[in-house]
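K.L.:
My structure is below; once you've seen it, I'll send some questions.
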Amino acid sequence: MERKPSGKKYNDDFKKTIVDLYHSGSPVKELSSEYGVSDVTIYKWVKDFTPIGSEKEALTPKELAEIQKENLRLKQEVEILKKAMAIFAKK
């Protein structure tokens, strides 16, 4: 069975709606047939958009990954600035 990429792009609001429907009790098979999205894709969205932690301070895995990426970028910038400061301190 050969899969052909459909090339469909869904916005985050649509994805969150599907995840909300899943959490409210709609089966994945039903959501898949109704909205034309594969089961695997829906399960991935559920994983990406289901909050981690307490209700007050919940983060989704997607948000956590974005924060980690931003943190890495900021650490790299700090290292660059430290090196530049060392160079200017010598002059």
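The values are calculated or read from the model by the stated rules, or taken from the named source; none is laboratory data. Treat the numbers as computed from the prediction; the structure is a model and nothing was measured. Here Cβ is always computed from backbone atoms with ideal geometry, including for glycine, and neighbour counts include all displayed protein chains.
K.L.:
If you scan the stretch 41-91, which residues turn out to be among the polar types (S, T, N, Q), modelled with pLDDT under 90 and more than 24 Å from residue 13 (Cβ to Cβ)?
P.N.:
54
K.L.:
Within the set of pairs 6 or more residues apart or between chains, which connect a residue that is among the β-branched types (Val, Ile, Thr) inside the stretch 1-21 to a residue that is surrounded by 10 or more Cβ atoms within 10 Å (Cβ to Cβ) and at pLDDT below 90 with Cβ atoms less than 7 Å apart?
P.N.:
19/49; 19/50
K.L.:
Return a yes/no flag: does the stretch 43-54 have any residue that is touching a strand residue (DSSP E or B) at 6+ places or on another chain (Cβ under 8 Å) and either touching a residue at least 24 places away in the same chain (Cβ under 8 Å) or surrounded by 12 or more Cβ atoms within 10 Å (Cβ to Cβ) (or both).
P.N.:
Yes - at least one qualifying residue is present in the stretch 43-54.
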